[in-house]
Amino acid sequence: MATRAATVGAAGIRRRRIRYGEIVVKVLLGLCALISVATTVGIVVALFVPAYEFFQDVPLKDFLTGKEWAPLFEPALFGVLPLVVGTLSVTLWAILVAIPFGLGAAIYLSEYASPRMRKVLKPLLEILAGVPTIVYGYFALTFFTPLLQDIGIKVDIFNALSAGLVMGVMILPTVASLAEDAMTAVPRDLRDGALALGSPNRVVATRIVVPAAISGIIAAFVLGISRAVGETMIAVVAAGQQPNLTFDPRQAVETMSAFIAATGAGDVPTGSLEYKTIFAVGATLFVMTLILNIISIRFVDRFREEYE
Amino acid sequence: MSVQATHLRRRGRDYREMLFKSALLVSLIIGFATLIALLVDVFVTGWSHVTWQFLTSPPSTDPTIAGARPAILATIFLGIMLIVFTVPIGVGTAIYLEEYANRKRWYNRMLEVNIQNLAAVPSIVYGILGLAFIVRGIGLGRVLLAGGLILTLVVLPTVIIAAREAIRSVPDSIRQGAYAIGATQWQVVRRQVLPAAIPGIATGAILALSRGLGETAPLILIGAVSYIAFDPTILGPFTALPIQIYQWVRLPQEEFRELAAAAIIVLLVILLSLNAVAIWLRNRYQRRW
């Protein structure tokens, strides 16, 4: 570990003496940091070992390309496509809300709001982000779905549309706050230059600030998508629990996370093929979100390098 | 900013500017309108059920006498466990990364990316981890402690990231000053850096706590679903407020939906007061160096 860099200040002056207390502290802190490494290793082992066993029984090709998901039927069918399509369908509606409105909110907060307004609006956005997802699920099922039916959209009681739109509002603050961070990091000079040329605020925001902050904004979008893909409770409560290979937003679908929650809640015998489906679907979900997260982290690093 | 620009041009032609600004405002209003609709809906449906009897009775198949006492108690226990587990580990990791780790080493960079990724792993995946290792692997079973441990892992990355930001915002001159009078590295961290970073760490920890207490999916997976009619113990089966809400929402009878709304009110009061404390702490103690 990095001993040298740390002790330079004191060591130059006095005789070097080994301070055991300092070493103990450092080891303890390092152990704390190792817990998060252990968590990642644990997740990978927990998911992929049973998933591997699952794929001994069910060919990977059938899993990835099969159009029917019916693990309890005889013969059981393990095509994951209906779950993936269900997830994507809900995610699509969520990002249709979260991305444009999240970006709009971010531009307003960063370019238009006075410091006093920001002081009121940002905590409000945090509260919006702090509402538990089960509460949004309740809201989607008991308020938003009936509302959609009232205005003449013929949705089923459980449907992808209502779950997706409410999920979009849930993710909106995350997207807004990350995108706003990126835009705030854009140097003042760039704005002043454009304003000096007579550009109105709108032009400064859309032609200068957004392009300059684009990598951070994309990171925010990608993270928003990742949140939508992995979101569970809104999907379980409002989108339903029936695997359905359709992009029709009015019908019930089952997302990957909803399947995991529904199956994991039951008393499935350990070691059975049905038990292992939790891990196979979980591994699929984990890989999808991991790819999105890594893309997002890459973009964040890029905008940090540019302006910090 | 806009003052200079608008004075130079003819007035009254800024309708595009107005349109743009209105569109931005609509973006914000959509969020807040949803929040208000949600709160109004929940309070109108559930407020009449939030009674002393509801807070102190166990759940029941008869909605007229059902309460949320075991769930409320378990949520409080989970909150205490979360603070006890996440704060030392999270702050320890943050100190290691900010004060001790050499950024040039590949393993320290990997550690950072790892934590960033963990913060975005879906919470249900943590539930699978808990199911495989804590509940069945080491055989702890479907108990409250298992729930506390799994929620700890869920919120740990958030605590680490918040604590790192708080520690990073302490200016270097303070560290240099302490080194100059002969302090060791740990003395610098413990007596100078940590006291200065405490408001930021506390804010982040409380926000993370409030997020953790609202988590439902990981708890479902480790099996907090059966009806619990007695007070929870650390090593006993449990339910928690979000789980109780989930169970009631799933039932088709209108009466149980109303109980779900009542339980949501209790949960939101707990979480929003935690949020309010965190925001107050930040506004009260935030220092610009």
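The values are calculated or read from the model by the stated rules, or taken from the named source; none is laboratory data. None of these values were measured; they are calculated from a predicted model. Glycine also receives a Cβ, built like all others from the backbone with ideal geometry; neighbour counts cover every protein chain displayed.
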Response to the item:
For region B:64-104, the count of residues that are charged (D, E, K, R) and under 19 Å from B:Thr216 (Cα atoms) equals 1
Worksheet item: Within region B:158-170, can one find any residue that is in a loop (DSSP other than H, G, I, E, B) and more than 7 Å from chain A (Cβ to nearest Cβ)?
Response: yes
Item to complete: Exactly one condition in (1) within 30 Å of A:Val281 (Cα to Cα); (2) in a helix (DSSP H, G or I) is not met by B:Gly139; state its number.
Response: (2)
Discussion item. Here's a check for you: in region A:82-131, which residue that is of a type in the set (S, T, N, Q) and within 30 Å of A:Ala70 (Cβ to Cβ) is farthest from the chain's Cα centre (by Cα)?
Written reply: A:Ser89
Discussion item. Exactly one condition in (1) within 19 Å of B:Leu219 (Cβ to Cβ); (2) modelled with pLDDT of 85 or more; (3) buried (at least 20 other Cβ atoms within 10 Å of the Cβ) is false for A:Ala262; which is it?
Written reply: (3)
Worksheet, complete the sentence: Among the residues of region A:142-185, the number that are of a type in the set (Val, Ile, Thr), in contact (Cβ under 8 Å) with a residue 24 or more places away in the chain and in a helix (DSSP H, G or I) is 7
Discussion item. Scan region B:210-232 and tell me whether some residue there is within 30 Å of B:Arg168 (Cβ to Cβ), of a type in the set (Lys, Arg) and either in contact with a helix residue (DSSP H, G or I) (Cβ under 8 Å, 6 or more places away or on another chain) or facing chain A (nearest Cβ under 10 Å) (or both).
Written reply: yes
Worksheet entry | Subset tally (residues that are away from chain A (no Cβ under 14 Å) and hydrophobic (A, V, I, L, M, F, W, C)) for region B:19-67 | 7
Item to complete: Might you let me know whether region B:130-138 holds any residue that is facing chain A (nearest Cβ under 9 Å), within 22 Å of the chain's Cα centre (by Cα), more than 21 Å from A:Val300 (Cα to Cα) and modelled with pLDDT of 95 or more?
Response: no
Discussion item. Can you find a residue that is small (Gly, Ala, Ser), assigned to a helix (DSSP H, G or I) and buried (at least 23 other Cβ atoms within 10 Å of the Cβ) anywhere in region A:186-200?
Written reply: no
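Would you pick out the residues in region B:142-156 that are assigned to a helix (DSSP H, G or I) and more than 7 Å from every other protein chain (Cβ to nearest Cβ)?
Selection gives B:Leu144, B:Leu145, B:Ala146, B:Gly147, B:Gly148, B:Leu149, B:Ile150, B:Leu151, B:Thr152, B:Val154, B:Val155.
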Worksheet item: Residue check, A:Ala219 against (1) surrounded by 17 or more Cβ atoms within 10 Å (Cβ to Cβ); (2) part of a helix (DSSP H, G or I); (3) at the interface with chain B (Cβ under 9 Å from one of its Cβ atoms), all met but one. Which one?
Response: (3)
Worksheet, complete the sentence: Filtering region B:238-276 down to residues that are crowded, with 18+ Cβ neighbours inside 10 Å and not in a helix (DSSP H, G or I) yields B:Phe238, B:Thr239, B:Ala240
